[in-house]
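A short reminder: the numbers here are calculations on the coordinates, not readings from a lab. On a predicted model such as this, the values are computed, not experimentally measured, just so you know. We place every Cβ from the backbone using ideal geometry, glycine too, and count neighbours over all the protein chains shown.
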Amino acid sequence: MSDIPITVIGGGVIGCAIAYELSNDYEVLLIEKNQIPGENQSSRNSGVIHAGIYYKPDSLKARLCVEGNKLLYDFCEKNDVPYSRTGKLIVATNIEEEQCLENLLERANENGVPGVELVNASEYEPNVRANSALYVPTSGVVDSALLVSKLRELSTEVNFLDKSKVVWINGDKITLDSGETFETDLIINAAGLYAEDIAKLSNPNNSYSLTAFRGEAAKFYIREDTKVSMNVYPIPRDVVENGESFQTLGVHLTPTLDLEGELSQTVTIGPAYVGSVDREDYTHKANEQQFLDAVLPFFPNLTLEDISLHQTGIQMKSSSHDFIIEREGNMINFVGIDSPGLTSALAIAKHIRKSI
C-alpha cells in the first residue's frame with residue numbers, strides 16, 4: 001500500500017461522514033474492523049434526529065447538534081435516505097416535571113433551537129397523557145443504517161478497507177492485523193466503541209474517562225388507542241455509574257420508518273440503560289414489564305401483551321458530558337461520541353474539514 005494522505009479509522013456514521021466530506025479534496029482511506037459498516041453504535045440506536053435542547057450551551061454537543069440537524073435533513077432529502085420530521089413531545093406528568101419543561105425551554109432558546117413551545121400534549125398525540133408538554137418541531141427519525149450506506153455510496157473517491165483492524169500506530173505508521181504497514185499524513189480516529197483503544201495505540205498515556213452503557217429497546221405494533229406519530233419523551237433524568245453522573249433522556253417512544261420513509265406500524269420503546277458493560281455485550285436484561293412500567297405514566301393504553309423485545313446497542317459515554325474532539329500530533333481523536341452523534345455527524349465532518 002502506498003502512502004496515504006488521510007486515514008480514517010472507523011466506518012460508522014462519524015467516520016463515513018468525515019470521509020464523505022473530505023473525499024473531494026483529499027485521498028482518503030477508511031479502515032473498518034467489521035464486515036458490516038456501522039454495525040455497532042451507528043445502527044444499534046433508535047434513529048432519532050435530535051434538535052439540540054438538552055445540552056449545555058456552547059458545548060460541542062449543543063453547537064454540532066443544532067447545525068447537524070439541518071444538515072442531516074437536507075442530506076436525506078437530497079439523497080433519498082428515509083427520514084421523517086416527526087417532531088417531539090417532552091411530557092410532564094406532575095408539577096415538579098413541569099418546572100423541568102420550563103428549564104428545557106430556556107435551554108432550547110439559548111441553544112438556538114427553533115420553534116420550541118409549551119403545548120397541550122393531547123392536541124398533538126391524543127393517546128399521550130400529560131399535564132403539559134414541550135413541542136420540539138425539528139426532532140425526527142432517520143434510517144441510520146441506510147444513512148451510513150448512502151454516505152459510503154457517495155464517497156466514490158474513498159478507498160474502503162473492511163474487516164481490517166489497526167493493531168499498531170507509531171507516529172505516521174499504521175500496522176494492520178494482516179501485517180501490512182503503511183504511512184499516512186493524518187489519522188482520524190473515529191473508531192466509536194474502540195476510539196479510546198486506538199488513541200492509546202498512538203499514545204499509551206491517554207487516559208480518557210469513558211463508561212460503556214448498553215441501551216435496551218422493546219417495540220409494539222400500534223392500535224388505534226396506542227398510535228403515536230411523534231417522538232414522545234419523558235423528562236430527562238440523571239443516573240450514577242462508578243461514581244459518575246450521566247444524563248439519560250428516559251425511556252421514550254419512537255416511530256419507525258418503512259423503506260419509503262413513511263411511518264410504519266411499529267413503535268420502539270427505550271432505551272433502558274445498563275452501565276459498565278462489555279463493549280460487545282448485546283444481551284437483554286430488561287424485560288417487557290420494565291418497559292411497560294417506564295411509559296405507563298404518560299402512555300396509559302399500552303399493555304404487557306403489546307410489547308416484545310427489540311434490540312440492544314452500546315454507547316461510550318464521557319464523564320465530561322460532551323463530545324471529545326482533540327488533535328494530538330498527526331491524529332485527531334473522536335472519543336465519547338454518544339448521542340447526539342448521529343444527528344451531529346455531518347456537522348462534525350464540516351468542523352474537521354475546516355481544521356485541516
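Placing +1 on the Cβ of every Lys and Arg and -1 on the Cβ of every Asp and Glu, with no other charges, gives the chain a dipole of roughly 160 debye about its Cα centre.
Computing log10 I(q)/I(0) by the Debye sum over Cα atoms at q = 0.11, 0.13, 0.15 Å⁻¹ directly from the structure and comparing it against (1) -0.64, -0.92, -1.27; (2) -0.83, -1.10, -1.34; (3) -0.72, -1.00, -1.30 singles out (3). The fewest-to-most ranking of Leu30, Leu154, Leu210 by surrounding Cβ atoms within 10 Å reads Leu154, Leu210, Leu30. Build a GNM of the chain with springs between Cα atoms under 10 Å apart, and of Val119, Val28, Val251 the one that fluctuates most is Val119.
Please compute the net charge surrounding Gly171, taking Lys and Arg as +1 and Asp and Glu as -1 over other residues with Cβ under 12 Å from its Cβ. Around Gly171, the surrounding residues sum to -3. Cβ crowding within 10 Å ranks His284, His50, His351 as His284, His351, His50, fewest other Cβ atoms first. Close amide H pairs (under 5 Å, H built 1.01 Å from N) link His310 with Ala217, Ala218, Lys219, residues at least 5 positions away or on another chain. Taking Lys70, Lys317, Lys200 in turn, the Gaussian network model of the chain (Cα-Cα springs below 10 Å) assigns the largest fluctuation to Lys200. In region 248-356, one over the average inverse separation of all distinct C-alpha pairs is 16.9 Å, which is the Kirkwood hydrodynamic radius.
Relative to the longest principal axis of the Cα atoms of the chain, the long axis of helix 341-355 lies at roughly 40 degrees. Put simply, the amide H of Asn40, placed in the peptide plane, has no neighbours under 5 Å, leaving out anything fewer than 5 places away on its chain. Near Gln265: Cβ cut-off under 13 Å, other residues only, Lys/Arg at +1 and Asp/Glu at -1. The net charge is -1. Taking every DSSP beta bridge that has both ends in the chain, the antiparallel portion is near 75%.
Each residue of region 305-321 is assigned a 3J(HN,Hα), and the resulting list reads 5, 6, 9, 9, 6, 10, 8, 10, x, 10, 10, 9, 9, 8, 5, 6, 6 Hz, derived from the Karplus form 6.51 cos²θ - 1.76 cosθ + 1.60 (θ = phi - 60°), x at Gly and Pro. Sequentially through region 271-283, phi angles give Karplus couplings (6.51, -1.76, 1.60; θ = phi - 60°) of x, 8, 8, 10, x, 6, 10, 5, 5, 10, 8, 9, 6 Hz, Gly and Pro residues having no value and appearing as x. Exposure proxy shown here: for Thr156, Thr303, Thr7, the number of other Cβ atoms within 10 Å sets the order, fewest to most, as Thr156, Thr303, Thr7. Charged neighbours of Gly329, selected by a Cβ distance under 12 Å, balance to -3 (K, R count +1; D, E count -1). Given the pairs Lys88/Lys163; Lys61/Lys150; Lys165/Lys219; Lys88/Lys165; Lys61/Lys285; Lys285/Lys354, which are separated by over 32 angstrom at their Cα positions? Violating the 32 Å limit, Cα to Cα: Lys88/Lys163; Lys165/Lys219; Lys88/Lys165; Lys285/Lys354.
Coupling constants for region 130-145 follow from the phi torsions by the Karplus curve (6.51 cos²θ - 1.76 cosθ + 1.60, θ = phi - 60°), and in residue order they are 7, 5, 7, 8, 9, 9, 10, x, 8, 7, x, 9, 9, 7, 5, 5 Hz; glycine and proline get x. Taking every alpha-carbon pair under 8 Å whose residues sit at least 6 apart, the chain reaches a relative contact order of 26 percent.
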